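> Can you keep this structure in mind? I'll have questions shortly.
The values are calculated or read from the model by the stated rules, or taken from the named source; none is laboratory data. The shown structure was predicted, so the numbers you read here are calculated from the model rather than taken from an experiment. Ideal geometry is used to build each Cβ from the backbone, glycine not excepted, and the neighbour counts take in all protein chains shown. Only protein heavy atoms, including side chains, enter the accessible area calculation; ligands, DNA and RNA are left aside. Shrake-Rupley method; radii C 1.70, N 1.55, O 1.52, S 1.80 Å.
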Amino acid sequence: MFCDLLFEWTGYSIFTGRLFRAGAASITAAFLVFLLMPGFIRYLKKQNATSDFDEGKADKSPPILGGALLVFVTVITVLLFTKVNSYVVSTLLILLAYAGVGLLDDLMKI
């Protein structure tokens, strides 16, 4: 856990608090999504992973599979900022199961 490492380096107990971990996780997740999403969308458009709402306007149709990046960022952020226990693991497994269903649905559209 990243916060435990910060506590060991600095000795400040603020890094072990729930409020700090929640805020740092939110900021980190938002930063990663804002940083990675434009490139990911370009990659999906280059791979032609777009929805087929407008057959004639393939360049204007929105890409699908964008939720995959959101799930990836969520899992990375959770692993960085939480104290892993059985509740965290079960919640991540449920998230990954729902994401798997969404991934299958999006792949069937392609």
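> Could you tell me which residue of the range 3-15 is most open to solvent (accessible area, probe 1.4 Å), considering only residues that are farther than 17 Å from residue 79 by Cβ and not aromatic (Phe, Trp, Tyr)?
Filtering the range 3-15 for residues that are farther than 17 Å from residue 79 by Cβ and not aromatic (Phe, Trp, Tyr), the one most open to solvent (accessible area, probe 1.4 Å) comes out as 8.
> Need pairs with beta-carbon distance below 8 Å; first residue over 13 Å from residue 80 (Cβ atoms) and polar (S, T, N, Q) and within the range 9-27, second open to solvent by 50 Å² or more (accessible area, probe 1.4 Å) and at pLDDT below 90; sequence gap 6+ or separate chains.
Matching pairs, first to second residue: 13/7; 16/4; 16/7.
> For the range 68-93, how many residues are of a type outside the set (A, V, I, L, M) and touching a Leu at 6+ places or on another chain (Cβ under 8 Å)?
Qualifying residue count, the range 68-93: 2.
> Any residue at all in the range 38-49 that's among the β-branched types (Val, Ile, Thr), part of a helix (DSSP H, G or I) and either modelled with pLDDT of 80 or more or surrounded by fewer than 11 Cβ atoms within 10 Å (Cβ to Cβ) (or both)?
yes
> Another one. List, please: which pairs have Cβ atoms under 6 Å, are six or more places apart or on different chains, and start with a residue in the range 75-90 that is farther than 12 Å from residue 28 by Cα and in a helix (DSSP H, G or I) and end with one that is open to solvent by 60 Å² or more (accessible area, probe 1.4 Å) and charged (D, E, K, R)?
Hits for this filter: zero, empty list.
> For the range 64-105, what are the residues that are of a type in the set (Ser, Thr, Tyr) and open to solvent by less than 80 Å² (accessible area, probe 1.4 Å)?
Hits for the range 64-105 are 74, 77, 82, 90.
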